[in-house]
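Heads up, the thing below is written out as structure tokens.
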Amino acid sequence: MPCQRPDACRNEGNRYQMSADSADDRLDLKAFIEANLPLASAPSIPNVRLHMATPQSGLYRLAMADDSDLVPPYWAYPWAGGAVLARYLFDHPEMISGKRVLDLGTGSGLVAIVAMKCGARHVLAVDIDAKAIAAAQLNAAANDVVIETRLGDIIEDAPPAADMILAGDVFYDETLAERILPFLQRCRSAGLDVLIGDPGRAPLPTDFLLQVADYPVPDFGGGNGSANSAVFRLK
Ligand SMILES: C[S@@+](CC[C@H](N)C(=O)[O-])C[C@H]1O[C@@H](n2cnc3c(N)ncnc32)[C@H](O)[C@@H]1O
């Protein structure tokens, strides 16, 4: 089937390819990410590299290639909430060693990858964005760890079969925060530990949280400055 959007689908050398075996004309996400988002060291996190966007990455072209998707490319950067959580896990691997972990809102997969590197028994990385799932899979492979990924919205569901929920920078939106907090509270009531990383965004439900650590990490959500972000445990 020919591309329906010749403006968006033109081939620019090896920088932009359509899926060879796709049933429709959607972009081959993984080929695009590998070709246009170079692997670079994650700030503040030792020995982890992620496919990260640069001004040349053409993320707008990627969004335009899929009419259903005008979601911001959260997956193309490590966010401060994920970075601070990952940093904390590196410093406290005993927190996660041997545990079954769910990384909620995985984005690039940074937190999931670090959880595996720190000795988690199993990590399920969940996101509602197919591009995030593709990026997390590529990033896991680039860091020689195996994670399970799931595309979908699980926050109305029962608590998962896990020991711990990690949630990096998921309190960035008021409406989402109102849905995520009850899910995390149900998980906590079911006996799961819940750790949240956040740079102090407005919807963060601080009344329900205990701060356990803080680090200055770069915040891509609020520009490129260094935010004093923190790790919280749900009470
Ligand atoms: C600001 S990004 C943080 C990504 C990553 N955790 C980090 O810190 O770098 C928030 C992520 O949450 C995802 N998200 C939003 N609503 C979600 C939901 N209901 N379930 C799972 N993920 C969700 C978004 O698609 C996005 O990838």
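The values are calculated or read from the model by the stated rules, or taken from the named source; none is laboratory data. Just so we're clear, the structure is a prediction, and the values are computed from it rather than from any experiment. Reconstructed Cβ throughout: ideal geometry from the backbone, glycine too, with neighbour counts over all protein chains shown. Note: areas computed on protein heavy atoms with side chains; ligands, DNA, RNA excluded. Shrake-Rupley method; radii C 1.70, N 1.55, O 1.52, S 1.80 Å.
Would you kindly derive the ³J(HN,Hα) couplings of the stretch 134-150 from the backbone phi angles with the Karplus curve 6.51 cos²θ - 1.76 cosθ + 1.60 (θ = phi - 60°), listing them in order in whole Hz, with x for Gly and Pro?
Per residue, the Karplus-derived 3J(HN,Hα) values read 4, 5, 4, 5, 5, 5, 4, 4, 5, 10, 6, 10, 10, 10, 8, 10, 9 Hz.
Pulled fully out, how much extra length does the chain show between Lys235 and Ser41, if you take 0.36 nm times their separation in residues and subtract their Cα-Cα distance? Please report the intermediate quantities before stating the final value.
Numbers: separation 194, 0.36 × 194 = 69.84 nm, distance 3.32 nm.
Additional length available on full extension: 66.5 nm.
Please list, in order along the stretch 71-76, the HN-Hα scalar couplings obtained from phi with the Karplus expression 6.51 cos²θ - 1.76 cosθ + 1.60 (θ = phi - 60°), rounded to whole Hz, x for Gly and Pro.
Those phi angles translate into 6, x, x, 4, 6, 8 Hz.
So, in nm, how far is label Glu34 from label Met64 when the simple model puts each one 7 Å beyond its Cα toward the Cβ?
2.6
Taking the full set of protein chains and a 1.4 angstrom probe, give the accessible area of Glu94 in square angstrom, rounded to the nearest 10.
That residue has around 120 Å² of solvent-accessible surface.
Could you work out how much longer the chain between Gln56 and Thr206 gets when fully extended? Use 0.36 nm per residue separation minus the Cα distance between them, nm to one decimal.
Numbers: separation 150, 0.36 × 150 = 54.00 nm, distance 3.78 nm.
Contour length minus Cα-Cα distance gives 50.2 nm.
In terms of the Cα gyration tensor, with a ≥ b ≥ c the square roots of its eigenvalues, is the stretch 74-179 rounded because a/c is under 1.5, prolate because a/b exceeds b/c, or oblate? Could you put the intermediate results ahead of the total?
Values: a/c = 1.37, a/b = 1.24, b/c = 1.10.
It comes out rounded by the Cα gyration axes.
For Lys117, give me every one of the lysines with a C-alpha distance below 16 angstrom, ignoring sequence neighbours fewer than eight places off in its own chain.
The qualifying lysines are Lys99.
Could you sort Lys131, Lys99 by their accessible area in this structure, using a 1.4 Å probe and putting the largest first?
Numbers: Lys131 15, Lys99 60 Å².
Most to least solvent-accessible, the answer reads Lys99, Lys131.
What do you reckon, how do Asp207, Asp169 stack up by accessible area (1.4 Å probe), largest on top?
Most to least solvent-accessible, the answer reads Asp207, Asp169.
Evaluate the distance, in nm, between pseudo-label points positioned 7 Å from the Cα of Arg49 and of Ile128 along their respective Cα→Cβ axes.
With each label point 7 Å from Cα toward Cβ, the separation is 3.3 nm.
Taking amide hydrogens as modeled 1.01 Å from N in the peptide plane, which residues meet the under 5 Å criterion relative to Val123, leaving out close sequence neighbours?
Correct list: Val101, Glu148.
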